[in-house]
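Written out below as structure tokens is the structure these notes cover.
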Amino acid sequence: MRFYNTLTKKVEEFKPHRDGEIIFYTCGPTVYHDQHIGNMRNYIGHDILDKTLRYLGYKVKRIMNITDVGHLTGDSDYGEDKMVLTAKKENKSVLDIAAYFTDRFFVDFDLVNNKVPEIVSPATKHIDKYIEITKTLIDKGYAYLSGGNVYFDTSKLTDYYQLTNHKEDELIVGAREDVENDPNKRNKTDFVLWFTKSKFEDQELKWDSPWGMGYPGWHMECTGISINHGGEYLDIHGGGVDNIFPHHTNEIAQSEAYLGHKWCNYWFHNEHLLDESGKMSKSKGATLTVSLLKEKGYNPLSFRFMCLNSHYRKQLVFSFSSLNSADQAYKKLLNKISLIKDEGILDEDAFAFYNNKFISHLEDDLNTANAITLIYDLLKNDLVNGHTKLDLIRSFDKVLSLDLIIDEKQSSNHEEIMALIKARDNAKKRKDYDMADSIRNDLLAKGIMLIDTREGTTYKIVGE
Ligand code: AMP
Ligand code: ZN
């Protein structure tokens, strides 16, 4: 298995740290707002790596945090906590806001068939660990108390910038546009491990600590959670490319200083989804979510299909016209697959041939677009019987998770659903579109999504 390692800046053979389990950490969502389809592209990329490793036979323990405290408005250490801002705006408690957006996040996560990691942990559950790490860093001389806050002293490291390719000055300017000069810092790259003094006095979530009531700095959570759940050695740590600096850079600094050894060998970063005006971001106002795409009548898996047709390390520009094209192509593919007749017996040689090809595309830095092209090649090959084709596609779908084989018998209410589909068809014929839409929406509310194909309407269970 080979994929691009941001730490070594090359595509590398993946060698796990130990026999047995791989520990794979994904930086999770900040739950003060909905996660947009750009965020979801990032989690789809992680899902593919996770499922590829499992397909190759590795045992994977995947860990993801939920940032419910300590994510500030800017990359500076001085912005207002985003969670607190939203809570104030909505007149709710911070934890209510976090619970609300966490639930919404997992609805979208599921709609694009992402597998939930073995461990999903909110940042607020690990406060003791953050305090212990901060104490140890002070004892070891890597951290100092200044103006009431505890800072990490980046000048104590010789390789602070090991994860990035950039020149120091470029990074500071680029990543910290809204930085306010913090007079408490010894060096401009120092960052807060624990806050007690904030210019925003009404911070709702605070915990007692040796340095006074306060809360963790925003890089600390991933160090604390991953060590608590994954131990001292991580195999893979990932996020979007914007996490490289300062988030992951600071995570490495504090984790390795605390542990006294190398922490994580492979860093996996996904490129961004852009909108036509540039990077999608939460701060731009209206949030385009996967649920919203569904409301607009798109199958969320058309979005997954669109993502998998481009490489995770390339920027992808989202537009409704490209989603429409992906949607058409995805439906066509489903159609072609639905026409395969389950005939013949398993042709083991053909299965091995195509399966090896599939694996080699994924082992080649997760080339999902080539893996999908392979399905078209397989469909065209008259020498492979229908049964073998279906077995192969079912197997590939363990990684791609595009519900390529629609099993209409999947629901215990199959007869009832088919009757409603018929009633909807009749309503459409009568041009009673209100009735047709209401049948569609009622079914959707019950977690049953209708999929219109040229051969007729079929359905997919999305809410179980
Ligand atoms: P956040 O909740 O802001 O921490 O973002 C969650 C994850 O989504 C992070 O790992 C980000 O790197 C990633 N991300 C943010 N914006 C985008 C985008 N436009 N495209 C892809 N990934 C993104
Ligand atoms: Zn993180």
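The values are calculated or read from the model by the stated rules, or taken from the named source; none is laboratory data. Note that this is a predicted model, so its numbers are computed, not measured. Please note: Cβ atoms are built from the backbone with ideal geometry, for glycine as well, and neighbour counts cover all protein chains shown. Accessible surface is based on the protein model in full, side chains and every heavy atom, while ligands, DNA and RNA are left aside. Shrake-Rupley method; radii C 1.70, N 1.55, O 1.52, S 1.80 Å.
Things worth noting here:
- Dipole magnitude for the range 407-464: about 240 debye, using +1 per Lys or Arg Cβ and -1 per Asp or Glu Cβ, origin at the Cα centre.
- Cβ-based net charge around residue 142, under 13 Å, with every Lys or Arg adding one and every Asp or Glu removing one: 0
- Residue-by-residue Karplus 3J(HN,Hα) for the range 142-148, coefficients 6.51, -1.76, 1.60, Hz, glycine and proline x: 8, 9, 9, 9, 8, x, x
- Here residue 192 sits with roughly 0 square angstrom of accessible surface, probe radius 1.4 Å.
- Residues within the reach of a label modelled at residue 377 (point 7 angstrom out along Cα to beta-carbon, backbone nitrogen below 15 Å), restricted to the range 327-360, are 350-360.
- Ranking 333, 354, 369 by Cα position along the charge dipole of the range 325-405, where only Lys, Arg, Asp and Glu carry charges on their C-beta atoms, puts 333 farthest toward the positive end.
- Heavy-atom accessible area, probed at 1.4 angstrom with all protein chains present, ranks 453, 30 as 453, 30, highest first.
- Cut-off 19 Å (backbone N to label point 7 Å along Cα→Cβ of residue 279), residues of the range 298-334: 312-319
- Computed from Cα positions, the angle between helix 249-259 and the longest principal axis of the chain comes to roughly 70 degrees.
- Accessible area (Å², 1.4 Å probe, nearest 10) - residue 262: 100 Å²
- Along the axis of the charge dipole computed for the chain (Cβ charges of +1 for Lys and Arg, -1 for Asp and Glu, origin at the Cα centre), the listed residues 52, 249, 123 are led at the positive end by 52.
- Between residue 92 and residue 162, the contour length at 0.36 nm per residue exceeds the Cα-Cα span by 21.1 nm.
- FRET efficiency for residue 107 and residue 206, using Cβ-Cβ distance with R0 set to 30 Å, rounded to 0.05: 0.45
- For residue 31, the residues whose modelled amide H falls within less than 5 Å of its own, excluding neighbours fewer than 5 places apart on the same chain, are 67.
- For the residue pairs 135/188; 336/380; 115/389, the alpha carbons lie more than 18 Å apart in 135/188; 115/389.
- The chain, dipole about Cα centre (Lys/Arg Cβ +1, Asp/Glu Cβ -1), debye to the nearest 20: 660 debye
- Net lengthening on full extension, residue 452/residue 365 (0.36 nm per residue, minus Cα-Cα): 27.9 nm
- The simple spin-label model puts a point 7 Å past each Cα toward its Cβ; for residue 197 and residue 355 those points are separated by 6.4 nm.
- Residue-by-residue Karplus 3J(HN,Hα) for the range 153-158, coefficients 6.51, -1.76, 1.60, Hz, glycine and proline x: 8, 5, 6, 7, 10, 8
- The heavy atoms of residue 435 offer some 80 square angstrom of accessible surface to a 1.4 angstrom probe.
- Accessible surface of the chain [probe 1.4 Å, protein heavy atoms]: carbon and sulfur percent: 49 percent
- Residue order by solvent-accessible surface for 353, 191 is 353, 191, largest first, with ligands and nucleic acids left out and a 1.4 Å probe.
- Within-11-Å neighbourhood charge of residue 263 [Cβ basis; K, R +1; D, E -1]: -3
- Label point of residue 233 set 7 angstrom out along Cα-Cβ; within the range 5-29, amide nitrogens under 13 Å from it belong to 15-23.
- Surface exposure of the chain, expressed per residue as accessible area with a 1.4 Å probe, stands at 44 Å².
- The range 237-308 and the range 364-398: distance between their alpha carbon centers, rounded to Å: 28 Å
- The spread of Cα positions in the chain, taken along each principal axis and listed from longest to shortest, comes to 71, 52, 38 Å.
- Neighbourhood net charge (11 Å Cβ-Cβ; Lys/Arg +1, Asp/Glu -1) for residue 453: +2
- Karplus-derived 3J(HN,Hα) values for the range 300-315, using 6.51 cos²θ - 1.76 cosθ + 1.60 with θ = phi - 60°, are x, 6, 5, 5, 4, 4, 4, 5, 6, 7, 10, 7, 5, 9, 10, 5 Hz; glycine and proline are entered as x.
- Label-point gap, in nm, between residue 295 and residue 136 - each point 7 angstrom along Cα→Cβ: 4.6 nm
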